[in-house]
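See below for the structure under consideration.
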Amino acid sequence: MAEQTQPHSLPSDQYRKREFAVKVVRGLRDAGHQALWAGGCVRDLLIGLTPSDYDVATDAPPERVMQLFRRTVPVGVSFGVVKVIGPRGAGEVEVATFRSDGAYIDGRRPETVVFSSPEQDASRRDFTINGMFFDPISEDVIDFVGGRHDLETGLLRAIGDPASRFAEDKLRLVRAVRFAARFGLRIEPETEKALVAMASEVTVVAAERIAQELRRMLVHPSRSAAMRLMMEFGLATVIVPELLSLVGVPSQVASRPDHDCWEQTLAVLDALPHDPSVGLALAALFHDIGRGTDGSSAVEALDRASDRLKLANVERETASWLVAHHGILNSPRSMPVARLKRLLAEPGIHELLALHRAVAEAADLPVDHVEYCEHYVKEKPDGPIRPEPFVNGNDLKRLGLTPGPSFKQWLDRAYDAQLEGRVTNQDEAIAWLCRQLEPEKPASS
Ligand code: ATP
Ligand code: MG
């Protein structure tokens with residue numbers, strides 16, 4: 001059978017996903033309906049990428065889809081979208097009824113949808129490369145919008161009149177950048193003209209939707225190309241205006257005298273690991289803001305952007321911690337050992353080291369500081385990085401200290417002495433404390 005020609009080269013979960021997506025199409029066809037793969041998965045297959053998920057478009061209305069398959073979730077019945085859940089490892093397939101969108105409210109979402117034909121369903125999609133169908137049984141591509149030709153010639157083109165399509169849903173302005181960057185496409189001139197003219201209007205779109213596109217740009221290896229386009233088209237000006245302060249400021253990177261801080265930030269984005277978390281990518285994007293002032297403004301800028309974009313707590317906290325600590329491990333050999341160990345024991349240390357590595361690599365500087373820390377974390381050359389403390393609060397009380405502000409300081413000092421190897425067991429730690437406490441005791445007890 002035709003669909004079995006490719007799958008054997010796929011890892012098993014991807015094979016199962018594909019098989020299940022074929023099965024859903026067969027199920028609909030056997031019940032007398034039209035059914036095709038649609039959108040992003042068709043584009044990915046034509047490029048030779050393995051689709052991350054499969055969408056099916058059909059003439060069956062949502063109620064019918066829910067009757068035909070055992071495990072379904074109505075994700076947007078008014079839009080005709082039903083999720084069909086596959087067996088373990090096969091993921092889920094979104095089945096959507098062919099539709100045309102009615103008038104749009106406020107450049108954000110259609111007021112009504114009308115179930116329609118494949119051709120009309122193609123024309124409501126955003127870009128030609130995203131507007132194709134594929135018949136997985138016959139292996140035919142069904143292309144009403146010229147997507148295949150645009151993909152072959154490397155063009156991102158809005159379906160229909162670009163200005164009206166962007167006006168309908170202004171999130172498409174950001175999506176244009178994401179897809180152009182991700183697939184290395186040029187933007188077709190009329191599409192680009194409309195994009196530049198309308199960029200500032202993207203603010204009508206819900207922050208959550210914009211943030212979701214931004215995340216997808218930042219975690220993808222094409223992140224620097226995406227951010228470059230965001231800046232070039234004026235989208236950064238309204239979505240992340242904080243970044244504008246990097247433009248035109250000399251980077252002072254010796255190997256790149258031509259780079260301003262923005263270009264250097266883009267180079268850091270490129271030097272990140274292949275698959276960074278959103279927090280790490282955001283940290284790379286913001287880390288150099290306000291350099292040379294009081295050092296706190298990168299964190300403040302990130303806070304402002306996180307509020308505006310309604311980022312998740314874990315994203316903003318990760319990014320903020322990384323930005324606040326970037327550069328701190330540039331000379332680990334000359335740091336007090338206790339301070340170094342405390343940092344190396346932080347849960348975010350691997351990402352902090354990844355950021356240090358990216359910053360150094362982008363500036364063609366050595367990365368031995370990063371390797372030193374990585375080695376330390378892995379090999380623990382002088383014992384555990386976060387050992388159980390020899391001294392606790394009860395010990396301090398027994399020594400006559402009463403809980404109060406100085407209590408924690410003493411615990412910290414005792415732990416520092418332990419981390420630095422000045423005391424090597426509990427008895428030594430207590431003896432050390434007694435010596436230190438002698439002059440203090442009258443005041444503290
Ligand atoms: P990805 O692999 O990044 O998920 P995708 O093409 O699947 O890419 P989605 O955002 O998942 O992108 O959307 C699926 C499909 O739905 C798109 O390919 C496109 O045809 C259509 N689509 C999504 N968002 C819009 C939109 N805002 N306007 C018009 N069509 C859209
Ligand atoms: Mg998708």
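Quick notes on this one:
- Pairwise Cα distances in segment 1-148 exceed 27 Å in 18 percent of cases.
- Proximity of backbone amide H atoms, modeled 1.01 Å from N, is registered between Asp55 and Ala38, Cys41 at under 5 Å, excluding neighbours fewer than 5 places apart on the same chain.
- Relative intensity, log₁₀ I(q)/I(0), of segment 393-444 from a Debye sum that treats every alpha carbon as a point, q = 0.19, 0.21, 0.24 Å⁻¹: -0.58, -0.71, -0.92
- GNM top mover of Gly146, Gly76, Gly40 - the chain, alpha-carbon springs below 10 Å: Gly76
- For Arg109 and Ala345, the difference between the fully extended length at 0.36 nm per residue and the C-alpha to C-alpha distance is 80.3 nm.
- Two numbers describe the Cα atoms of segment 296-445: Rg and Dmax, which are 19.3, 57 Å.
- Computed over segment 365-411, the P(r) curve from all C-alpha pair distances, binned at 10 Å from the origin, holds 22, 28, 21, 21, 7, 0 percent per bin.
- Counting charges near Val268 (Lys, Arg +1; Asp, Glu -1) among other residues having Cβ under 9 Å from its Cβ returns a value of -3.
- Shape analysis of the chain based on the Cα gyration tensor places the equivalent ellipsoid semi-axes at 53, 27, 21 Å, largest first.
- P(r) weight above 13 Å for segment 43-103, C-alpha pairs, percent: 63 percent
- Working note: 222 nm ellipticity from helices only, DSSP H runs with n ≥ 4, each -39,500 (n - 2.57), summed and divided by the residues of the chain, gives -14500 deg cm²/dmol to the nearest 500.
- The DSSP beta bridges internal to the chain are antiparallel in roughly 80% of cases.
- Relative contact order of segment 306-445: 23 percent, from C-alpha pairs under 8 Å at least 6 residues apart in sequence.
- Rough spin-label spacing in nm, given labels placed 7 Å along Cα→Cβ, for Ile328 and Ile47: 3.8 nm
- The chain, relative contact order in percent, only Cα pairs under 8 angstrom and at least six apart counted: 8 percent
- Annotation note: GluC sites (Glu not before Pro) in segment 49-124 located in DSSP loop regions with a Cβ neighbour count of at most 10 within 10 Å are Glu111.
- The mean sequence separation of alpha-carbon pairs under 8 Å and at least six residues apart, normalised by the residue count of segment 393-444, gives a relative contact order of 39 percent.
- Whole-Å distance, taken between Cα centres, linking segment 224-271 and segment 165-223: 18 Å
- Segment Asp140..Val75, full-extension length gain: 20.6 nm, with 0.36 nm per residue of separation and the alpha-carbon distance subtracted.
- Cβ-defined net charge surrounding Glu190, 12 Å radius [Lys, Arg +1; Asp, Glu -1]: 0
- Rounded to two decimals, the Cα-based Rg/Rh of segment 325-379, with Kirkwood Rh, is 0.93.
Just so you know, all these numbers are worked out from the coordinates, no wet-lab data involved. What you see is a predicted model; the values in this text were computed from it and never measured. Reconstructed Cβ throughout: ideal geometry from the backbone, glycine too, with neighbour counts over all protein chains shown.
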